[in-house]
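The values are calculated or read from the model by the stated rules, or taken from the named source; none is laboratory data. Since we're looking at a predicted model, the values are computed, not measured. Methodologically, a virtual Cβ is constructed for each residue, glycine included, from the backbone with ideal geometry; neighbour enumeration extends over all protein chains shown. Surface areas here come from the heavy atoms of the whole protein model, side chains and all, with no ligands, DNA or RNA. Shrake-Rupley method; radii C 1.70, N 1.55, O 1.52, S 1.80 Å.
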Amino acid sequence: YRRQQLTSLQVNPNGAIVDIDPEQFRHFPFLYMIEVGDIDITDDEAKTMREYMLNGGFIMVDDFWGQAEWENLYDNMKRVFPDREPVELPLEHEIFRMVFPLKVKPQIPSVGHAMAGRSQGITAERFDAETPHYRAIFDDKKRIVMLICHNTDLGDGWEEEGTDPWYFREFSEKYAYPLGINILFYALTH
């Protein structure tokens with residue numbers, strides 16, 4: 001809803017929930033996967049994801065935390081792309097400045113974690129998740145086909161904007177919306 005309201009992009013304000021299915025995937029240029037820490041994809045799903053991305057689709061992965069969840073996602077992505085490694089994006093990458101220039105790679109916690117860690121400045125949701133990572137898998141033309149947002153939850157910055165005014169100012173307005181718009185503009189222009 002906010003992307004439709006805040007940008008000139010004509011997007012459907014009502015998201016669609018899809019399975020990892022070629023018939024469903026083909027209708028959407030941008031897919032958003034969340035809480036993938038315990039994902040277990042089949043060989044057919046790996047093939048569907050690979051073909052989707054290599055044919056122009058973009059997948060954003062978000063809201064998973066800690067080393068164990070990273071290792072599980074990594075193992076599954078090696079099934080999708082056995083010949084490609086996720087690469088940590090530098091802050092200078094265009095995705096961090098496509099529309100809104102960001103000066104940090106933000107870590108967006110849930111509202112509860114943000115409120116609990118507010119006085120100490122703690123934004124990590126787990127002890128092994130202090131550093132946010134933005135990793136990418138590229139196609140042969142160096143286009144990002146999958147953006148992996150680890151140890152952060154941009155989605156909470158979007159969906160919890162009305163929960164608390166401080167949270168909105170500190171996470172939604174400063175980071176989640178600007179980076180989300182950058183990511184979407186990148187995906188739809190590359």
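I want to check the label-to-label distance for V99 and Q67. Put each point 7 Å from Cα in the C-beta direction and report it in nm to one decimal.
Spacing of the two 7 Å Cα→Cβ label points: 3.8 nm.
Would you look at the GNM of the chain, springs on alpha carbons closer than 10 Å, and say which of Q120, Q107, Q67 moves the most?
Q120
Would you count, across the chain, every pair of lysines whose alpha carbons are under 29 angstrom apart, provided the pair is eight or more residues apart or spans two chains?
Lysine pairs meeting both conditions in the chain amount to 13.
Could you run the Karplus curve 6.51 cos²θ - 1.76 cosθ + 1.60 with θ = phi - 60° over region 121-133 and give me ³J(HN,Hα) per residue in whole Hz, x for Gly and Pro?
Once rounded to whole Hz, the list reads x, 8, 10, 6, 8, 9, 5, 9, 9, 5, 9, x, 10.
How many angstrom lie between the Cα centre of region 159-178 and the Cα centre of region 59-114?
If you average the Cα positions of each part, the centres end up 19 Å apart.
Please give the peptides 150-157, 73-80 ranked by average Cβ packing (other Cβ atoms within 10 Å per residue), highest first, as a rough proxy for protection.
Highest mean packing first, the order is 150-157, 73-80.
Check G37: other-chain or 5+ apart residues with amide H under 5 Å from its amide H, H built from backbone geometry?
Under 5 Å from the amide H of G37: no residue qualifies.
Name the residues whose placed amide hydrogens come within less than 5 Å of the amide hydrogen of L31, ignoring near sequence neighbours (fewer than 5 apart) on the same chain.
Residues meeting the amide H criterion: F58, I59, M60.
Heavy atoms only, probe 1.4 Å: what % of the accessible area of region 59-190 goes to carbon and sulfur, would you let me know?
54
Given labels modelled 7 Å from the Cα in the Cβ direction, how far is it in nm from D164 to R79?
If labels sit at D164 and R79, their model points lie 3.7 nm apart.
Give me the 1.4 Å probe accessible area per residue for the chain, excluding ligands and nucleic acids, in Å².
Per residue, the chain has an accessible area of 53 Å².
Could you give the angle, 0 to 90 degrees to the nearest 10, between helix 43-54's Cα long axis and the longest principal axis of the Cα atoms of the chain?
With rounding to tens, the tilt is 80 degrees.
How large is ³J(HN,Hα) for each residue in region 82-97, as worked out from phi by the Karplus curve 6.51 cos²θ - 1.76 cosθ + 1.60 (θ = phi - 60°), to whole Hz, x for Gly and Pro?
x, 9, 10, 10, x, 10, 5, 7, x, 4, 6, 4, 4, 5, 8, 8
On the full set of protein chains, 1.4 Å probe, figure out the accessible area of M49 and give it in Å² to the nearest 10.
The accessible area comes out at roughly 0 Å².
Taking just the alpha carbons, could you work out the radius of gyration and Dmax for the chain, both in angstroms?
Using the Cα atoms of the chain, the pair Rg, Dmax is 16.2, 48 Å.
Counting only C-alpha contacts under 8 Å and six or more residues apart, can you give the relative contact order of the chain as a whole percent?
23
Sort 90-97, 129-136 by the packing proxy (mean of other Cβ within 10 Å over each peptide's residues), most packed first.
Most protected by this proxy first, the peptides run 129-136, 90-97.
Roughly what angle does helix 177-189 make with the longest principal axis of the chain, taking Cα atoms, 0 to 90 degrees, to the nearest 10?
Its long axis makes an angle of about 20 degrees.
From the phi of every residue in region 158-170, what ³J(HN,Hα) in whole Hz does the Karplus formula 6.51 cos²θ - 1.76 cosθ + 1.60 yield, where θ is phi - 60° and glycine or proline is x?
Along region 158-170, the couplings run 7, 7, 10, 4, x, 6, 8, x, 5, 4, 4, 5, 7 Hz.
GNM, the chain, Cα, under 10 Å: largest mean-square fluctuation among D140, D43, D63?
Looking only at D140, D43, D63, the biggest GNM fluctuation is shown by D140.
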